[in-house]
Amino acid sequence: MLREYGLDNIYVTTQKDTVYSLLSDRAIADPGDLIAQWKDERTRQWNDVMAGEMLAQVRSVAKGLMAIGAKQGTMVVLYSATCYEWGVLDFACAAIGAVSVPIYETDSLKQAASIVEEVDPLIAFGDEAHTHTLDYIAAEHPGLKHVFNLKNGALDALIDYGEAIDDDELDEAIGRVRADDLLTIVFTSGSTGRPKGAMLSHRNFTHIVKNGYEILPEMLYEPNRLLLFLPRVFEKVYNAASQKAGTGMRGRIFANAFKHFVAWSKMEVEHKRPSAVMRMKHSFYMGTVASSFRSALGPNLRYLACGGAPINTDLVHFFNGMDDITFIQGYGMTETAAPMVVNWQKANRPGSVGRPGPGMAIRTAEDGEIEVKGPNVFLGYYRNPDKTDEVLDPSGWLHTGDLGTIDDEGFLYITGRKKDIIITAGGKNVSPAPMEGTICECPIVAHAVVVGDNRPFIGALVTLDPEMTPSWLAEQGLDPRMPMEDVAESDAVHSFIQQYVDRANAEVSRAESVRKFIVLPRDFSLEDGTMTASMKVVRPKVLTRYAEVIDGELYAPVAAVRTPNVGMQILESTTETVKKAGESVRAASENVTPRVRQAIDNVHERLGEWRDEHGDAARERNDDAQPDAGADAKDDADAA
């Protein structure tokens, strides 16, 4: 294992490499190039946008921003779902040096108002769902002078305002912007506390884009389709297909296809050649199973990409094993302008998140924390120097808070979050992420949170997937309309989830294993604060919200009376039978000869010995089967 790995620059950015230059250079090189597509919500038709057309629109909107007072450093809020207009505004702000401040579309009025208060914008844009909220906020913030509705002529209004600004004035403003200038402030989703505003420069992004062309040329240059999702989307696609296949012949074919594509992908990664039999199987499974996936994903799809959370390695191999699909994982964070590490076209290792890009470096600290460095690392947190100093060294190394390892070829593997480490009452350090990931592979599980800090054993809170659970219940012959409160108590549900808990436990020591779990009747949500806007579980909020469940159910004191296991029940039954048989034999023995009586006494003696020997062993097995705090402490001590 390596402790540090880095690569030299391939493309070295200059001060002229601004985000606006990415668009203008492309439009000048090929104005007729298809650059974007957007769907008209009224006609449901897709509309093509060419590079030259988008550049002209961005320049006109930039003039409009200047006409209403925007200049270099002016804060502009974007509180809307992602849309084409959003992109045009973002480029227009970048062109003149205004700073775009996006707000998650799912953020509440209170959260949006907090960001407005912090950055003091001059202009704000919202969609139909958020413009009224911005108007309400603007009434309390006199500095916010202009609020526009993106879906109600905002761009056209700006273009009209911009008629007072000529091209020379615009070009002069564009010429003043440099690569190291502030481009945007992106507020983190707040999974570990109050959201912080990450300040990102033009260079943070352009370094990634320019060097991305060097390591992923086909994906970024060739005419094909890339689908980028969080892992949960791929898990749902697979689970839905698996349930649709059922348990009969189609189900067996699907299960065998999964094993085949996993094996095929691993073989390709290891540069091995398939046998004739394997090639025949591959052709069969491509026609029977993969074809349905390809049909659903589209004929031009060539790449699947994911990041943001752990994903099962075999699931990556499953998709990667299909013809003409490459599954690429990556790693990054808001503070690194997203992709910091990625699998390359010619260096793709499923299960890892890849290698650092050109000009970037990664290393692991003594405690396993991943640290990163490069031209894409952010400028710091807005008006928060103390938080900046906590994560960013003077030498430029950023402390990510994630844990991982680097193999001998520079591939990075994420193993957990530093702040999530659980320390049991016995002193055992446990990383919950791997176990949570395995439990979440259960088709009916939405989320799992492993707990156990300062507790005698490891436990878990599990929530159910509201989309997958009803269909699974129907397959089991149960009522798919059953209330979730009853589903959470169902023995069938607990038994099914237990299979995945057992899989998770098989990968760790006994001291780290999940001894007990509780199924919650409701999933975590943004509304109750247990999920972030980027759909990450907020662990501290979960622990607080479900404190009574954790204390009163998960770690409820266990009664001293123990229920004997099956082995003890059989032993006791056998003992009773032997006792009754002995009494009958003893009564009959009074009428037999002394020699026979001696033989019977010998039998009694042997039975007694058998009982002493096997009874002790069974009792030991029964003791091992109980969650015993003393045993846990011993396990923890041994592990430590």
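Overview of results
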| quantity | calculated |
| --- | --- |
| Highest-first arrangement of 366-375, 70-79, 37-46, 213-222, where packing means the average Cβ count within 10 Å | 70-79, 366-375, 213-222, 37-46 |
| MET50 long-range amide H proximity, modeled H, under 5 Å | ILE35 |
| Probe 1.4 Å, all protein chains present, accessible-area order of ARG383, ARG545, largest first | ARG383, ARG545 |
| Exposure ranking of THR288, THR424 by accessible area [1.4 Å probe, largest first] | THR288, THR424 |
| Accessible surface, the chain, averaged per residue in Å² (probe 1.4 Å) | 51 |
| Note, ³J(HN,Hα) from phi for the stretch 119-125, Karplus 6.51, -1.76, 1.60, rounded to Hz, x at Gly and Pro | 9, 6, x, 8, 10, 9, 10 |
| Nearest-0.05 FRET efficiency for SER534 and GLU390, computed from C-beta distance (R0 22 Å) | 0.55 |
| Listed residues PHE284, PHE517, PHE91 arranged by accessible area, highest first, probe 1.4 Å | PHE284, PHE91, PHE517 |
| Rg and Dmax of the stretch 67-111, Cα atoms only, in Å | 11.3, 31 |
| Most to least packed among 409-416, 492-499, 149-156 [average Cβ atoms within 10 Å] | 409-416, 149-156, 492-499 |
| Net length gained if the chain between ASP48 and GLU489 were fully extended (0.36 nm per residue, minus Cα distance) | 153.6 nm |
| With every protein chain in place, the stretch 19-177: carbon and sulfur % of accessible area (1.4 Å) | 49 |
| Beta bridges per DSSP with both ends in the stretch 422-522, % antiparallel, nearest 5 | 55 |
| Ordering of 164-172, 2-10, 433-441, 15-23 by burial proxy (mean other Cβ atoms within 10 Å per residue, highest first) | 433-441, 15-23, 2-10, 164-172 |
| Options [x] 123, 70, 67; [y] 93, 92, 57; [z] 127, 62, 51 - which one matches Cα extents along the principal axes in Å as calculated here | [z] |
| Fraction of antiparallel bridges per DSSP, the chain only, in percent to nearest 5 | 60 |
| Helical contribution to [θ] at 222 nm, DSSP H n ≥ 4, -39,500 (n - 2.57), averaged over the chain, rounded to 500 | -13500 deg cm²/dmol |
| Ratio Rg/Rh, restricted to the stretch 19-177 and using Cα atoms, in which Rh is the Kirkwood radius | 0.97 |
| ARG273 paired with ASN224, simple spin-label distance in nm, labels 7 Å along Cα-to-beta-carbon | 2.5 |
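The values are calculated or read from the model by the stated rules, or taken from the named source; none is laboratory data. The structure presented is a predicted model; accordingly, all values stated were derived computationally and were not measured. Here the Cβ is made from the backbone with ideal geometry for all residues, glycine too, and neighbour counts use every protein chain on show. Surface accessibility is based on the protein's heavy atoms, side chains included, excluding ligands, DNA and RNA. Shrake-Rupley method; radii C 1.70, N 1.55, O 1.52, S 1.80 Å.
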